[in-house]
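The values are calculated or read from the model by the stated rules, or taken from the named source; none is laboratory data. The model shown is predicted, which means the values in this text are computed figures rather than measured ones. Cβ placement follows ideal geometry from the backbone for every residue including glycine, while neighbour counts extend to all protein chains displayed. What goes into the accessible areas is simple: the full protein's heavy atoms, side chains included, and nothing from ligands, DNA or RNA. Shrake-Rupley method; radii C 1.70, N 1.55, O 1.52, S 1.80 Å.
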Amino acid sequence: MKFAILCLTMALAATAFASGSGPFDPMPGDQKARYKFDLTKMYADQAAWAADVAKVKSIADTMATFRGKVLASPADLLAVMDLQRPASDVIVKLCAYGEFRQAVNTDDRGPFDAYERLMADYGARTSFVDAEMKSLTQAQLTQFLSAEPKLVPYRFLLDDAVRMGPHMLGEAQEALLAKLGPDLTSWQVALFQKTFDRTPFTK
């Protein structure tokens with residue numbers, strides 16, 4: 001029934017369009033003027049953006065103090081997870097901001113390039129966490145969750161760490177992959193955009 005209604009609606013729309021009711025306007029009225037990003041709602045100025053970059057670096061510094069003891073106790077594991085959460089939140093925001101800047105102007109790659117360099121550095125400096133989590137077993141995780149209930153909200157991530165453990169590389173290899181991340185995975189998108197921008201399409 002729903003499919004039939006959809007087909008009827010499309011048929012009526014096609015008929016109306018073909019009847020010469022005027023050219024199709026995807027954004028009628030003043031919608032085009034309102035279709036824009038207000039990126040100041042994310043970062044009011046360069047200083048606010050730089051503060052978030054500094055925050056991620058500061059979290060990486062703090063996380064480094066847990067090297068060799070991520071699984072030393074439930075409290076240590078909780079501390080690491082509590083540090084990763086705000087870092088992830090800020091990193092996602094910086095990524096979105098960089099992508100929005102590019103959406104407005106494809107030549108404006110500065111913030112996104114900076115995000116990728118930050119992500120590469122953060123990933124390399126905190127690669128020891130994943131390396132140490134490789135030894136986490138389901139039995140140990142169950143014990144930690146019982147001893148420290150504040151770990152329960154992280155259960156999904158911790159279960160995933162146990163599942164992925166056998167497939168993770170050592171710290172040195174994971175750090176190298178993180179450092180090479182921008183060079184391995186981002187040039188393709190940038191090349192496509194540059195090629196698209198420079199192609200003289202037929203009018």
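Give just the number: which of (1) at pLDDT below 90; (2) open to solvent by less than 70 Å² (accessible area, probe 1.4 Å) does Leu169 not satisfy?
Unmet condition: (2).
Among the residues of segment 125-166, what is the count of those that are open to solvent by less than 60 Å² (accessible area, probe 1.4 Å) and more than 22 Å from Arg67 (Cα to Cα)?
Residues that pass the stated criteria total 0.
Select from segment 105-124 the residues that are aliphatic (A, V, I, L, M) and closer than 25 Å to Leu169 by Cα and write down the one among them that is surrounded by the fewest Cβ atoms within 10 Å (Cβ to Cβ).
Checking each candidate, the answer is Met119.
Considering segment 31-54 alone, what residues qualify as being part of a helix (DSSP H, G or I) and open to solvent by 90 Å² or more (accessible area, probe 1.4 Å)?
Selection gives Lys32, Arg34, Lys41, Gln46.
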